[in-house]
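S.K.: Once you've had a glance at the structure underneath, I'll fire off some questions.
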Amino acid sequence: MHKLILITGASRGIGAATALLAASQGYSVIVNYKSQKDKAIHLTEQIRNCGGNAWTIQADISCPEQVIHMFNEIDSLGILKALVNNAGVVDLQTSFVDVKPERLQRIFNTNVIGAMLCAQQAIRRMSTRHGGTGGSIINVSSSSVITGSPNVYVDYAASKGALDVFTRGLAKEVAQEGIRVNAVRPGFISTDIHADTGNTERFNNADKIIPLGRCGNTEEIAEAILWLISEKASYCAGSFLNLTGGL
Ligand code: NAP
């Protein structure tokens, strides 16, 4: 049976780098994406060309029915050993007072509820209490939980704060069921997401305030995620790894 890892939002950015690294470490990779099918397919081809196994599954993780459908498809491919709740969205930089309810719903439905829905399905498959053989869940949070991101995206930071509390509580709840739950908190990482804030200057100038003097790259986040999943992190549960270049 294939040893499966599901990475949500793996068509590009941090998710794609995590998929490539996971494949190189022997995982069969499920590349979830929402809309960028071409990128997801290109990534799976890249993995297969290197001798790995990968499949794409389209699903909007904020939609409960689509999450269930995705996990049912996964069941026919192998045994799920790891879930990376990576898919996430931001929105335009703004003061909180101007944020519309629809934006709040989109951000929380994806960044919080989507991750929760995926975790629920993963637990039903991994938990020793449910007949599984254990596994690992990684939530991709953000260093914005530390600053709260005033005048940029307080709503996004709050969604990641919720994800952190979820990580802490869930880690305790399933620790004795063979599942370790942890989170990474990236800082400024070079991906498309910064364009979605409408202010790429903030990212371009970030190196001036980062103690290590540069933004991070996606491979550096992937390394941390794969380490947390691995047996090398066997005593790590309910932990948060800040990957911020010292910020
Ligand atoms: P990105 O390059 O914008 O990629 C986002 C990914 O999420 C894409 O694969 C996208 O799929 C997917 N996605 C978005 N909404 C989805 C949904 N509803 N269902 C399924 N997939 C969905 O972002 P990134 O920078 O790699 O960010 C990945 C994670 O890291 C996010 O949770 C983000 O909040 C977090 N993070 C990033 C940074 C940073 O500086 N980059 C810093 C801190 C935290 P499509 O391609 O199909 O649209």
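The values are calculated or read from the model by the stated rules, or taken from the named source; none is laboratory data. These figures come from a predicted structure and were not determined experimentally. As a convention, Cβ positions derive from the backbone with ideal geometry for all residues, glycine included, and neighbour counts pool all protein chains shown.
S.K.: What residue, of Ile30, Ile5, is touching a residue at least 60 places away in the same chain (Cβ under 8 Å) and outside any helix (DSSP H, G or I)?
M.R.: Ile5
S.K.: Against the conditions (1) over 16 Å from Asp192 (Cβ atoms); (2) outside any strand (DSSP E or B); (3) within 11 Å of the ligand (Cβ to nearest atom), where does Leu21 fall short? Just the number, please.
M.R.: All conditions pass for Leu21, except number (3).
S.K.: Does any residue of the range 8-18 turn out to be away from the ligand (no atom under 15 Å from the Cβ), among the basic types (Lys, Arg) and at pLDDT 95 or above?
M.R.: Scanning the range 8-18, I find no residue that is away from the ligand (no atom under 15 Å from the Cβ), among the basic types (Lys, Arg) and at pLDDT 95 or above, so the answer is no.
S.K.: Here is a further query. Give Gly245, Gly213, Gly187 a once-over and let me know the one that is among the small types (Gly, Ala, Ser) and closer than 15 Å to Ser141 by Cα.
M.R.: Going through Gly245, Gly213, Gly187 in turn, the sole match is Gly187.
S.K.: Do the conditions hold for Phe108, that is, is it under 11 Å from Asp155 (Cα atoms), surrounded by 16 or more Cβ atoms within 10 Å (Cβ to Cβ) and more than 10 Å from the ligand (Cβ to nearest atom)?
M.R.: Yes.
S.K.: OK, next. Given Ile41, Ile47, which one is closer than 18 Å to Asp192 by Cβ and surrounded by 15 or more Cβ atoms within 10 Å (Cβ to Cβ)?
M.R.: Ile41
S.K.: For the range 177-202, how many residues are over 13 Å from Ser149 (Cβ atoms), among the charged types (D, E, K, R) and more than 10 Å from the ligand (Cβ to nearest atom)?
M.R.: 3
S.K.: Identify the single condition in (1) within 15 Å of the ligand (Cβ to nearest atom); (2) in contact with a Leu (Cβ under 7 Å, 6 or more places away or on another chain); (3) touching a residue at least 60 places away in the same chain (Cβ under 8 Å) that Gly78 does not satisfy, given that it satisfies every other one.
M.R.: Of everything listed in (1) within 15 Å of the ligand (Cβ to nearest atom); (2) in contact with a Leu (Cβ under 7 Å, 6 or more places away or on another chain); (3) touching a residue at least 60 places away in the same chain (Cβ under 8 Å), Gly78 misses just condition (1).
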